[in-house]
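Structure first, commentary second.
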Amino acid sequence: MKKIFVVLVIFLILTACKQPGESASVLIDNQSGENVDAVFITPSTSPTWGSNLLGGNIIPIGQSHVFSGFTPDTYDIRVELDVALVAHKWDIELSSGETYTWVLPHAP
């Protein structure tokens, strides 16, 4: 009986460290040398990109922005820069309670 109690306590401690149902986040770090004008993050199964998550704002050069509240799943990410450049990340696994970071490098 004592052994079962100890195993149960250990299990409860381990599962309390990460709450089920926690959302995932994406951090876009803009080191590109251009402002980021648009960010789209959609489930990989979606046929469309949906709305610009910046809503008319920008991510200035050298700044970053965190987008949160995503259900853990596989996502595609699209970023549009001032100079009409578009960058994509495909099939990114977003896990519960974690933040995926994408550093946009400076173009030569």
> Quick one: what Rg and Dmax do you get for segment 21-104 from the alpha carbons, in Å?
Replying inline: 12.2, 38
>> Per 0.36 nm of contour for each residue apart, how much would the distance between L53 and T74 grow if the chain were fully extended, relative to their Cα-Cα spacing?
In response: 5.8 nm
> Using 0.36 nm per residue, how much length does the chain from K89 to H106 gain when fully extended, once their Cα-Cα distance is taken away?
Replying inline: 4.5 nm
> Under a Cβ-Cβ cut-off of 14 Å, what is the net charge of the residues other than I59 that fall near it, where Lys and Arg count +1 and Asp and Glu count -1?
Replying inline: -4
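Rule-based calculations on the coordinates, nothing more; no lab input. Predicted, not measured: the structure shown is a model, and the values here were computed from it. Glycine also receives a Cβ, built like all others from the backbone with ideal geometry; neighbour counts cover every protein chain displayed.
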